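Here's the structure we're looking at; comments come further down.
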Amino acid sequence: MEKFILIFHFVIAVGLIGLILLQQGKGAEAGASFGSGASQTVFGSGGGWNFFSKMTAILATIFFVTSVSLAVIAKDKT
C-alpha cells in the first residue's frame, strides 16, 4: 500500500508542477488594469477561477492528503 501511495504522490506532484507552469501569471494582464474595461467585470480584473486554477486546487488537496498519509505510514513503521 505504501508503494502505491508513493507512486500516486509522485504522479500528483509532477501533474501539479505541470499545471502551475502552464498557468498565466497575473502580471501578464497588467494592461487590463489600466482602463481597458476589464476592471468592471463581476470578478474584478483578476477574473474568476478557470480550469487550471480549479485543477491546481484539487491536485494540491490530493497532494496534501497523500503527504499526510505517507507521514502516518512512516510514523507507524518506526
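The values are calculated or read from the model by the stated rules, or taken from the named source; none is laboratory data. Keep in mind it's a predicted model, so treat the numbers as computed, not measured. Glycine gets a Cβ as well: all are built from the backbone with ideal geometry, and neighbour counts include every protein chain shown. We work out accessible area using only protein heavy atoms, side chains counted, and drop any ligands, DNA or RNA first. Shrake-Rupley method; radii C 1.70, N 1.55, O 1.52, S 1.80 Å.
Remarks
- Taking segment 54-78 as the range and being of a type in the set (Val, Ile, Thr) and over 19 Å from the mean Cα position of the chain (by Cα) as the test, the residues that pass are Val72, Ile73, Thr78.
- Close Cβ contacts (under 9 Å, 6 or more residues apart or on different chains) running from residues in segment 44-65 that are under 18 Å from Ile7 (Cβ atoms) and at pLDDT 85 or above to residues that are open to solvent by 50 Å² or more (accessible area, probe 1.4 Å) and in a helix (DSSP H, G or I) comprise Ile62/Phe8.
- Some residue of segment 8-22 being modelled with pLDDT under 90, out of contact with any strand residue (DSSP E or B) (no Cβ under 8 Å at 6 or more places or on another chain) and either basic (Lys, Arg) or surrounded by 11 or more Cβ atoms within 10 Å (Cβ to Cβ) (or both): no
- Residue check, Ser39 at pLDDT below 85, surrounded by 11 or more Cβ atoms within 10 Å (Cβ to Cβ), part of a loop (DSSP other than H, G, I, E, B) and not aromatic (Phe, Trp, Tyr): no
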